[in-house]
Amino acid sequence: MASKLSIITNGIIKNNPTFVLVLGMCPTLATTTSAMNGLEMGLATMFVLILSNIFISLIAPVVPDKVHIPVYIVVIATFVTLLQLLMQAFVPDVYATLGLFIPLIVVNCIVLGRAEAFANKNTVLDSLLDGIGVGIGFTLSLTVLGIVREILGSGSIFGWKFIAGDGILAFVMAPGAFLVLGYLMALFNKFFKK
Amino acid sequence: MEYILIIVSAIFVNNILLAQFLGICPFLGVSNKLSTATGMSGAVCFVITLATVVTYLLNQYLLVPFGLDKFMQTIVFILVIAALVQMVEIVLKKISPSLYQALGIFLPLITTNCAVLGVAITVVTKEFSFGGSAPHLMNLGEATVYAFATSLGYGLAMILFAGLREHLAGNDVPKLFKGLPIALVTVSIMAMAFLGFSGMV
Amino acid sequence: MALCLTAVCLVCSALLGATYAVTAEPIAEASRKALVEAISQVLPEGGEISEANTVEFGGQKYEYYTQSIDGQTSAWAVKSTTSGFGGPLTVLVGVGTDGSVYSTKVLSHTETPGLGAKCQTDEGFLGQFRGLDPSVKILKVTKDGGNIDAITASTITSRAYTLAVSNAVEVAKTLKPENKEE
């Protein structure tokens, strides 16, 4: 049981996709203008990550080595399109906010990375747990980044405004994204990398 | 005139790396050395332009007529890009083994460089208006110029950044900031400089 | 090997085709709902809203919806797009048959967050268009000699927004009110 739990916690801290593996940087930087956006993007990625991990661990034994990458990409692209259609149907507002970055989950290195490094040589259950762990790790990082940027940039948290007027606009724009990520990474190094 | 606006906009104003956040992973990954950064930029430049033209045509003449663009676009685009990257890899292996060696694992990773898929999807879905013209979807000519200019912008940011990073390597950086954190802070300042171009087009 | 890849592709396409067939209706429904909601925000309450029509004006196509009360046209909602600071800015403008603006709403934009993007929420700016009579007020920002106060630090967005409204007003002038009773 402990080993199952450690699969999940590994994804959150030791193999944190954002701060340790430094994967999936594009949505991390682009969609974290507010805490809510970051959270939504993280959950969307987690959805694809879990499904593709399960499915790939199922089919991995029968897929010939030479074509495994194209097959994985097709599988991931299928789940991403599935997510796209579902989001358009049921949460069109969220889809409109995240825009291009939903189809781009296909090329998020985290998803293909976990398929290659974990799902294709582990059991279905372990792959599911890995998907959950890494998904939570990614979602947490994006939310934290979103929270910091929203506090500094708009003076609010999850849309709740605590100062009148504007924040420091640069934090909502591109430079702030890089700057906050840089500082958070340094902080992460201080506390988790000995 | 419109083409010039597209080029200026794609290279400076809406720089793909510094304003649109596409293709960041290889940007941080291979920008340690100027020479690899240049090679990577070249490869990306070639792949983006080629992939955009091919996917644009496929979308226009195959997916849209059959009503498949709503749900097959992502799969078809990514497969075409993957195939093109393989091709570039084979060609590069033949004509420049040293460059091939330098780029190492990053060449296959162009497939998962979201700049390529991002530009391909953008040109067929997003409406543009340059210099006050009525907003419209791009035609093939505009799409090609846009893709090429965008990849030039990618190269520009990448090479500038690699140059900065080479200097950074010899500096006394606080321990916690060594490596990526200080690199990100540097990109932040570059992005701020590029913000100066905004509103130009 | 090739067989495996083909099989996976076939299965995946079939799966997606099925999902698309199932979700097509909710997707259309969602976008219809969003549009109806937007239209109801820029037009007075009541009456019936027509299907989308298009009209050409100044070399650009405009989509519009006609609102009619008891078979008589009372107002139009015109979709008007101009280029803002970051790209296209689409505004839905409610115009009465008397040529006055009822209200306006942003449909899509690519303006800078915190600056130009305020054109969706800034009451001080948006309030100026509510019930505006173009024969009394000039639809231009004050910098260009008009009567519209721009959003602070976002003149280009304000200019684009104002132009979109002014275009919509011009478009509405070319539309003829229908009166089924005559």
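The values are calculated or read from the model by the stated rules, or taken from the named source; none is laboratory data. Keep in mind the model is a prediction, meaning the values are calculated, not measured. All Cβ positions, glycine included, derive from the backbone under ideal geometry; neighbour counts span all protein chains shown.
Residues in region A:160-176 that are over 21 Å from the mean Cα position of the chain (by Cα) and either touching a residue at least 24 places away in the same chain (Cβ under 8 Å) or within 14 Å of chain B (Cβ to nearest Cβ) (or both): A:ILE168, A:LEU169, A:ALA170.
Quick grid of which residues meet (1) out of contact with any Gly (no Cβ under 9 Å at 6 or more places or on another chain); (2) assigned to a helix (DSSP H, G or I); (3) at pLDDT 90 or above:
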site	(1), (2), (3)
B:LEU99	no, yes, no
B:THR112	no, no, no
B:LEU117	yes, yes, yes
B:GLY131	yes, no, no
B:ALA143	yes, yes, yes
B:TYR146	yes, yes, yes
B:SER151	yes, yes, yes
B:GLY155	no, yes, yes
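Tell me, please, whether a residue that is of a type in the set (A, V, I, L, M, F, W, C), modelled with pLDDT under 85 and surrounded by 17 or more Cβ atoms within 10 Å (Cβ to Cβ) can be found in region C:12-28. Among the residues of region C:12-28, not one is of a type in the set (A, V, I, L, M, F, W, C), modelled with pLDDT under 85 and surrounded by 17 or more Cβ atoms within 10 Å (Cβ to Cβ), which makes the answer no. Test each condition in (1) surrounded by 16 or more Cβ atoms within 10 Å (Cβ to Cβ); (2) free of Cβ contacts under 8 Å to residues at least 24 places away in the same chain; (3) away from chain A (no Cβ under 14 Å) for B:LEU63 and report the one that comes out false. The number of the failed condition is (3).
Taking A:THR31, is it away from chain C (no Cβ under 14 Å) and buried (at least 22 other Cβ atoms within 10 Å of the Cβ)?
So A:THR31 does not fit the description; no.
Within region C:100-110, identify whether any single residue is surrounded by 12 or more Cβ atoms within 10 Å (Cβ to Cβ), aromatic (Phe, Trp, Tyr) and within 19 Å of C:VAL169 (Cβ to Cβ), and answer yes or no. Yes, region C:100-110 contains a residue that is surrounded by 12 or more Cβ atoms within 10 Å (Cβ to Cβ), aromatic (Phe, Trp, Tyr) and within 19 Å of C:VAL169 (Cβ to Cβ). Among the residues of region A:136-151, none qualifies, meaning not one is touching a helix residue (DSSP H, G or I) at 6+ places or on another chain (Cβ under 7 Å), under 17 Å from A:ASN37 (Cα atoms) and outside any helix (DSSP H, G or I).
Suppose we filter region A:103-113 for residues that are part of a helix (DSSP H, G or I) and facing another protein chain (nearest Cβ under 8 Å); how many remain?
6
Which ones in region A:51-79 are of a type in the set (A, V, I, L, M, F, W, C) and facing chain C (nearest Cβ under 8 Å)? Hits for region A:51-79 are A:ILE59, A:VAL62, A:VAL63, A:VAL67, A:VAL71, A:VAL74, A:VAL75, A:ALA77.
Here the condition is being assigned to a helix (DSSP H, G or I) and in contact with a helix residue (DSSP H, G or I) (Cβ under 6 Å, 6 or more places away or on another chain); of B:ALA37, B:ALA19, it holds for B:ALA37 alone. Taking the numbered list (1) surrounded by fewer than 23 Cβ atoms within 10 Å (Cβ to Cβ); (2) away from chain C (no Cβ under 11 Å); (3) closer than 20 Å to B:MET72 by Cβ; (4) in contact with a Phe, Trp or Tyr (Cβ under 8 Å, 6 or more places away or on another chain) in turn, A:LEU100 passes all entries but (4). When B:THR38 is tested against (1) surrounded by 19 or more Cβ atoms within 10 Å (Cβ to Cβ); (2) touching a residue at least 24 places away in the same chain (Cβ under 8 Å); (3) of a type outside the set (Lys, Arg), exactly one condition is not met: (1).
The conditions of being within 14 Å of chain A (Cβ to nearest Cβ), among the polar types (S, T, N, Q) and either in a helix (DSSP H, G or I) or farther than 24 Å from B:VAL54 by Cα (or both) are met by B:SER188. Please tell me if B:SER151 is more than 12 Å from every other protein chain (Cβ to nearest Cβ), touching a residue at least 24 places away in the same chain (Cβ under 8 Å) and of a type in the set (Ser, Thr, Tyr). Yes; evaluated as a whole, the condition is true for this residue. Look at region C:31-45: where a residue is free of Cβ contacts under 8 Å to residues at least 24 places away in the same chain and a partner is part of a helix (DSSP H, G or I), sitting 6+ places away or on another chain with Cβ atoms under 7 Å, you get C:SER31/A:PRO92; C:ALA34/A:PRO92.
Each residue in region B:161-183 was checked for being assigned to a helix (DSSP H, G or I) and either out of contact with any helix residue (DSSP H, G or I) (no Cβ under 7 Å at 6 or more places or on another chain) or in contact (Cβ under 8 Å) with a residue 60 or more places away in the chain (or both), and 10 of them qualify.
Within region B:154-184, the set of residues being at the interface with chain A (Cβ under 10 Å from one of its Cβ atoms), crowded, with 21+ Cβ neighbours inside 10 Å and in contact with a Leu (Cβ under 8 Å, 6 or more places away or on another chain) comprises B:ALA183, B:LEU184.
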